[in-house]
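Working notes, beginning with the structure itself.
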């Protein structure tokens, strides 16, 4: 079920949305939308294998992209039971934030584990403690996640053999910890 | 009622939180928190009068600040009946995003008005159409608002005699449209 607001904002549709049904016949995006009506991201993860497959229980709706935002991203993300939000990681320059809408995901932060629930939030300043969310319950968890797109960002992964660097084109480049590319 | 997660993240408390009860005896911030337990911002608005007084029906909890985020802000904002989110405005460099948690605020976007409700979201790319939320109902509206802190940002106000420029110290400088400072 797709509910669109009646008014539309004039502007070119995001390249990510071209060919989808989210614009009207004049190519206008809606000015507001039911978040659940934004189509899920087609590519479920940017990670190389074997990490890509671990993200199959995660579904992201790119709300910020939908409205053409570029300075930060906002996703509505659903984690099925057994899913994880990302590999355990930390960013060098990107701040991150999550707000729980439903379900009871677990925040793994360094060596600690914190039970989250609807209405709770957590923030992860750049250069902070490695973290991710995991869903150990038997029902979906739903949350908003926000992250900026600071130039020169890098991500490190304390558990997995992975290093990531944000290229000048906005794409992530992944390599092994010994420098070999994936 | 303040519910704190049991685990804490080691780090210096934000200057904005000094003297409040949100850190433990070692000065550690919680790693996650019930958003409603973050204290409201002490200064309700940065606007000069006569605009300052118009923001008295708005209450912001600075969730991003709470966790020490600097690249963007995330506020949990409550608009009482008759309140408005901000003066109708647009930013030159800052992207903005709102996600409605409760209530039915009205999005004023240019000359259009769009009824919002829980689960809906809207995004405002830098340089886009002037906008604000107003609460014309008889109950509170509650929403998350996100905005980045891009250097050199400016805000323009099509209805009010106000111009704002973000200074290098992160403070907003307000003037009349003819250049006189407030």
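Taken together, A:65, A:59 contain a single residue that is within 11 Å of chain B (Cβ to nearest Cβ), without any contact (Cβ under 8 Å) to a residue 60 or more places away in the chain and not in a loop (DSSP other than H, G, I, E, B), which is A:65. All conditions but one from (1) assigned to a strand (DSSP E or B); (2) more than 22 Å from residue A:61 (Cα to Cα); (3) without any contact (Cβ under 8 Å) to a residue 60 or more places away in the chain apply to residue A:174; the one that does not is (3).
Each residue in region B:96-117 was checked for being more than 18 Å from the chain's Cα centre (by Cα) and closer than 21 Å to residue A:66 by Cα, and 6 of them qualify. Answer with yes or no whether residue A:101 is in contact with a strand residue (DSSP E or B) (Cβ under 6 Å, 6 or more places away or on another chain), modelled with pLDDT of 95 or more, facing chain B (nearest Cβ under 7 Å) and assigned to a strand (DSSP E or B). When the stated conditions are applied, residue A:101 does not pass them. Counting only residues that are facing another protein chain (nearest Cβ under 7 Å) and either more than 25 Å from residue B:92 (Cα to Cα) or in a loop (DSSP other than H, G, I, E, B) (or both), region B:115-125 holds 3 of them.
Scanning region A:42-51 for residues that are at pLDDT 95 or above and farther than 16 Å from residue A:155 by Cα yields A:49, A:50.
Within region B:127-152, restricting attention to residues that are part of a loop (DSSP other than H, G, I, E, B) and buried (at least 20 other Cβ atoms within 10 Å of the Cβ), the residue that is nearest to the chain's Cα centre (by Cα) is B:135.
The values are calculated or read from the model by the stated rules, or taken from the named source; none is laboratory data. Values in this document were obtained by computation on a predicted structure and should not be read as measured data. Don't worry about glycine lacking a Cβ; one is built from the backbone with ideal geometry, like all the others, and counts go over all protein chains shown.
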